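To start, the structure itself, in structure tokens.
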Amino acid sequence: MHKKLVVLIDADNASPNIVDPLLQEVAKFGIATVKRVYGDWTGIHLKGWKDILLTHAIQPIQQFGYTVGKNSTDSAMIIDAMDLLYTKTFDGFCLVSSDSDFTRLASRIREAGLTVYGFGERKTPKPFISACDKFIFTDILKSEDMDAQEKPPKRLISNELRGNTTLVNLLRNAVAATMDESGWAYLGVVGQHIANHAPEFDSRNYGYSKFAELIRESKLFIIDERQVDKAPNTKQIYIRDKRYKPDGE
């Protein structure tokens, strides 16, 4: 059964150019049952959203800015999210914003047992990122309409990947935490371990569409493709840190 998802977009902190690839990404996780975008539609700064809303049947929610310096859009989005949460109809929420004001909302939704997918720019504060089950930087969502500064990151080559200490430690620690007695770790489990500890991790952040491609290019691990007994056309990938020394060696 497909998950029923709520997609809530903070128009003040998101570009209309990312909506099409955003919804394609959401479709990987489930069905966007509710799609709403929040902002003051009386202003000219949101005029670029009109055609996008019609094309994707996204409901615009009007929220006037009653006080200068106060973001009433955030409050409206949070209130709606809680109302939808209490219906107990949905399996998860997609929160599209780079605003840390949604940190507590994400935590509260997860406390209720639902999955939270966050989408935002790289400037998004770490607390909001960490409050989500999965956080996706919007610059990796490809769209022909994106501005130059929004283009997906370039693919890093082997030396560049190994020079990223944070990435190297993340990968090696995940393998160490999931490996068997001989040092081998199943790639799928490694990926899940990373997702549990670093919601913002995505191989596309480094220019790779698949996690396995990133692992191969890093050249940090020995790779073993094993045949699945009951599925002759299927192979499972296991990896082992090149630094690993079995007992006795």
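Quick note: the coordinates plus some simple rules give every number you see, no bench work behind them. These figures come from a predicted structure and were not determined experimentally. Cβ: placed from backbone, ideal geometry, glycine included. Neighbour counts: every protein chain shown.
Averaging the Cα positions of each part gives two centres, and for the stretch 1-68 and the stretch 202-238 these lie 35 Å apart. Protection proxy ranking of 52-58, 82-88, by the mean of other Cβ atoms within 10 Å over each peptide's residues and highest first, is 52-58, 82-88.
Using per-residue counts of other Cβ atoms within 10 Å, averaged over each peptide, order 224-232, 203-211 from highest down.
203-211, 224-232
The alpha carbons of the chain stretch over 71, 40, 35 Å along the principal axes, in descending order.
Let me spell out the model: positive unit charges on the Cβ of Lys and Arg, negative unit charges on the Cβ of Asp and Glu, origin at the Cα centre of the chain. What dipole size does that give, in debye rounded to 20? Intermediate values should be presented prior to the final figure.
On the way: 33 positive and 33 negative charges, 84 e Å.
It works out to roughly 400 debye.
Calculated over the stretch 4-150, the projected area of the Cα convex hull averaged across directions stands at 8.4 nm².
Between SER75 and LYS154, what length in nm is gained on full extension when 0.36 nm per residue of separation is reduced by their alpha carbon distance?
On the way: separation 79, 0.36 × 79 = 28.44 nm, distance 3.64 nm.
Here the answer is 24.8 nm.
What is the sum of charges, Lys and Arg at +1 and Asp and Glu at -1, for the other residues whose Cβ falls under 10 Å from the Cβ of CYS94?
Working: positive: LYS35, LYS134; negative: GLU25.
Here the count lands on +1.
Here the residues LEU170, LEU95, LEU22, ranked from fewest to most Cβ neighbours within 10 Å of their Cβ, fall in the order LEU170, LEU22, LEU95.
Compute the semi-axes of the equivalent ellipsoid of the stretch 158-241, taking the square root of 5 times each eigenvalue of the Cα gyration tensor, and list them largest first in whole Å. Before the final figure, lay out the partial values.
Values: eigenvalues 91, 40, 32 Å².
Ellipsoid half-lengths, sorted descending, are 21, 14, 13 Å.
Pairs of Cα atoms nearer than 8 Å and 6+ residues apart set the relative contact order; for the stretch 4-150 it is 26 percent.
Between the listed residues LEU156, GLY188, LEU220, the Cα displaced farthest toward the positive end of the dipole of the stretch 150-248, a dipole computed from Cβ unit charges relative to the Cα centre, is found at LEU156.
Over the residues of the chain, the helix contribution to mean residue ellipticity at 222 nm works out to -10000 deg cm²/dmol, using -39500 (n - 2.57) for each DSSP H run of at least 4.
Taking every alpha-carbon pair under 8 Å whose residues sit at least 6 apart, the chain reaches a relative contact order of 15 percent.
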